[in-house]
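Structure record follows, encoded as C-alpha cells.
Coordinate-derived values only; no laboratory data. This is a predicted model, so every value here is computed, not measured. Here Cβ is always computed from backbone atoms with ideal geometry, including for glycine, and neighbour counts include all displayed protein chains.
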C-alpha cells in the first residue's frame, strides 16, 4: 500500500487570494467573520475559529479549465496561516461523519467508478485502495453534503 500525503492548497495561491486576487469566478474573495465551528481552512487544514476573519471564494483545484475541473466554494483564513505539512495523518479539519473520496487520472479527469461517500474513519484506507490503481494519479476529499473541495491525497 502507498504511503499517503494529505496535501493543502499551495501557499502562493492562498497568499494571492488573501491579497484580493480574483477567484475562479473572477470575483474578489469575500471577507467575513467565521460563524460556528464548521469552517475548514484549505491551507492550514485546521478549523477557522469562530469570530476569526475568513475568506469565502470559488476555487478550481485543477491546473486548467476542462469539463471535469469543478469550481466550488472554499474557506481560508483571511490572515496568513502556515501551510499544513504534507503527511499521512488525517487533517483535523476533516471532522464530518463522511466525505466523498474520488480518484483522478494524470489528465486531471475523474476516473469513473472511483468516487463514493466514505465514512471519515475510512478515508485513508479508501485512498490507499484508489492509489494502488496506476490509473489514479491523486484523490480528492470533498464534502459529502455540498461537494466542496477539502484537500488532495497523493502517494508519499
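Points to keep in mind about this one:
- For the range 78-117 and the range 1-77, distance of Cα centres in Å: 12
- The chain: antiparallel DSSP beta bridges as a percent of all, rounded to 5: 95
- Taking one quarter of the surface of the convex hull spanned by the alpha-carbon atoms of the range 59-147 gives a direction-averaged projected area of 6.5 nm².
- Packing, as the average of other Cβ atoms within 10 Å across residues, places the peptides 99-105, 124-130 in the order 99-105, 124-130, highest first.
- Our summary of shape: the Cα atoms of the range 1-144 have principal axis extents of 40, 31, 24 Å, ordered from largest down, in whole angstrom.
- As a proxy for reagent exposure, 62, 6 were ordered by neighbouring Cβ count within 10 angstrom, fewest first; the result is 62, 6.
- Here the scattering of the range 10-77 is modelled by Debye summation over its C-alpha atoms, one equal scatterer each and no solvent; at q = 0.17, 0.23 Å⁻¹ the log10 of I(q)/I(0) is -0.58, -1.00.
- Structural descriptor for the chain: relative contact order 27 percent, calculated from alpha carbon pairs under 8 angstrom and at least 6 residues apart.
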